[in-house]
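First up is the structure itself, then whatever we jot down about it.
Rule-based calculations on the coordinates, nothing more; no lab input. As the structure is a prediction and not an experimental result, all values here were calculated from the model. Counting neighbours? That spans all protein chains shown, and the Cβs are built from the backbone with ideal geometry, glycine included.
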Amino acid sequence: MNTPVKNIRRSSTYYLGGGDLHILVEGVMFRVHKYFFDRESNTFRREFVLPVSPGAQPKGSSESTALVLEDITLEEFEKFLWVFYNPRYSIYDAAPEDWVDILKLAHMWSFREVYELAVRELEHLEMPVVERLIAYQAYGVKREYIIPLYAELFRREEPLSKSESQRLGIETVYTIWMGRERLRAKPVFDGRSGRSPLPAGLQETEVESMARELLADRAANSSPDDDAPTSAENGAHFATGSAGGGVRGAGSGGGYSNSRQPSHSRESSGGAGPASFDGYRFNTNGRTSQRGINK
């Protein structure tokens, strides 16, 4: 959907005086440093080197040629920029749901260092196992991080709830069901719980071995439509939300958990936007198309 120019506002947090890259998200104009995007992301770097028409301005060099990032939210993009502009330098205190949003964009745009930072931070934070599994599979986290999550769900006394099953998807639910049944002894049903106990003395390594085996079988027999984990590079799409499918992991939005984090609000200040706009949009294949925004 086209955005009228009169509705374009400048970000109150990330419209930086020294910035040389203009990006538009949900009607808010950002001016940030191209250096970070050029250094960190092959996806963005490829766009910067694509030729433009003779006499035309380079993509993103002005408000009228801003890169338009669609199918992401303003809050997600602000959280992502915070990684580069964090005033606390090496202190990255944020809630799990914020790191999931950062992971999503890093996966989508192939920001490898940001991606690995998000995974490390998530590994240090408390997070429900199902929420973590959804996020890790949606955004291509390595299997070595995913296997312990399956093992935990194999061992868990309670079976998956209806809500958990709906969110995880049929392939994941089937894998968990198979693991739980294979690891348990002769079924014992008390008429109420419908649970089978784990064998006494079962080692964690045995559970993880079962998870590894089932995931390997699943990968070998999966189709492109299955909800199996994908690699970060293969799942990356520029300026769209397709990498994550319909799954947003542990949640969306939400502010950072303490005052050291920048405020992520929809308020913006300064400038009514360019007199005309012919920004560059990107489709799910990462190809550029130049389309005007209605005035």
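A few comments on the model shown:
- Put a dot 7 Å past the Cα of Glu204, heading toward its Cβ, do the same for Leu50, and the two dots end up 4.8 nm apart.
- Put a dot 7 Å past the Cα of Arg212, heading toward its Cβ, do the same for Tyr89, and the two dots end up 4.0 nm apart.
- Close amide-amide hydrogen proximity is noted between Val28 and Arg9, each under 5 Å apart and 5 or more residues distant or on a separate chain (H modeled in the peptide plane; Pro and chain starts excluded).
- Ranking of Tyr139, Tyr92 by count of other Cβ atoms within 10 Å, fewest first: Tyr92, Tyr139
- 12 Å beta-carbon shell around Val114, net charge (K/R +1, D/E -1): 0
- Computed over region 6-119, the quotient of the alpha carbon radius of gyration and 2.2 N^0.38 Å is 1.07.
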